[in-house]
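FYI, it's all coordinate maths here, none of it is from the lab. Just so you know, these numbers come straight off a predicted model, no measurement behind them. Methodologically, a virtual Cβ is constructed for each residue, glycine included, from the backbone with ideal geometry; neighbour enumeration extends over all protein chains shown.
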Amino acid sequence: MSAAATSSTAKKIPFRSRKVRISSSEPPSTDTSKKPRLVLPILPRSLSAPGELDSALGHLRAVDPTIAHLINSHDPPAFDNSATPFLFLSRSILYQQLATKAAASIYARFLSLCGGEDSVLPEIVSALTPQQLREIGVSARKASYLHDLSSKYLSGVLTDPAIVAMDDESLLSLLTLVKGIGPWSVHMFLIFSLHRPDVLPVGDLGVRKGVQMLHGLKKVPEPSEMEELCEPWRPYRSAGAWYMWRLVESKGKHS
């Protein structure tokens, strides 16, 4: 083959670069500092923790002299609930908009239907039919609320350990996804189940009336006003709210 032919053939053959693999004798990196880590929120000490309630009452006395006489004239609150979050939330649904005596009767029948407090579990409640619940006095609407709560547990959207580890704002956003659970129910759950120290239930009429009485206001303060009036109580607004309920109760007894 002539040189000219060789040159012509070479022009027709495309040139493909070869990939060169570079071997390394270095072992793979074991540095885990770049791996994403789950950052858990730093939660405040609960009011049931040793010494925390004393700290709360001391703080309230110091920042709001008007509440000091309430603290001195009432036994301190007892934050000793031991119910699981699922049990507490189920009970909260059953007690909604009912007189205490009627709600307690329905709740007792509900516990019996489930097989006791230890058996109030998502899979047990989910299996209860609307008819079974109706027979113990639970309305169709509340039955749907209980089933929605159970469904969110069974699907993993909610779990007791995750709830206990979440901060207040996240819980408010998550729990209000459950049918029948609104901000007021979440506030009660935070105070009386998880014993969170700095919860102000601005939508609770009893707390609002208590603040009205405490400050001698002409009308019940609006939720937006509550935040300002109770700001000095931080970070123990839960204890302050508890004493507002006691104030309203004591005025009712003497009226």
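Based on the Cα coordinates of segment 144-255, what is the per residue volume of their convex hull in Å³? Working shown, then result.
Working: hull volume 12.9 nm³, N = 112.
For segment 144-255, the hull spanned by Cα atoms encloses 115 Å³ per residue.
Find how much the distance from residue 184 to residue 215 grows on full extension, using 0.36 nm per residue of separation minus their present alpha carbon separation; answer in nm with one decimal.
Details: separation 31, 0.36 × 31 = 11.16 nm, distance 2.31 nm.
Full extension from residue 184 to residue 215 adds 8.9 nm.
If you stretched the chain out fully between residue 99 and residue 42, how much longer would it get, using 0.36 nm times the residue separation minus the C-alpha to C-alpha distance? If you can, show how the numbers build up before the last one.
Numbers: separation 57, 0.36 × 57 = 20.52 nm, distance 3.77 nm.
Extending this stretch completely gives an extra 16.8 nm.
Just from the alpha-carbon atoms, what are the Rg and Dmax of segment 85-192 in angstroms?
Taking only Cα atoms of segment 85-192, I get Rg and Dmax of 13.1, 38 Å.
Taking 0.36 nm per intervening residue step and subtracting the Cα-Cα distance, what contour gain separates residue 169 from residue 131 on full extension? Show your work: numbers first, answer last.
Working: separation 38, 0.36 × 38 = 13.68 nm, distance 3.60 nm.
Gain in length upon complete extension: 10.1 nm.
Give me the one-decimal nm value for the distance between modelled label points at residue 83 and residue 140, 7 Å along each residue's Cα-to-Cβ direction.
With each label point 7 Å from Cα toward Cβ, the separation is 2.7 nm.
Pairs 101/152; 142/209; 218/251: which exceed 26 Å Cα-Cα? Walk me through the numbers before you get to the answer.
Working: 101/152 29 Å; 142/209 29 Å; 218/251 16 Å.
Cα-Cα > 26 Å for 101/152; 142/209; rest within.
Can you compute the modelled spin-label distance between residue 74 and residue 227, with each label point 7 Å from Cα toward Cβ, in nm?
2.5 nm
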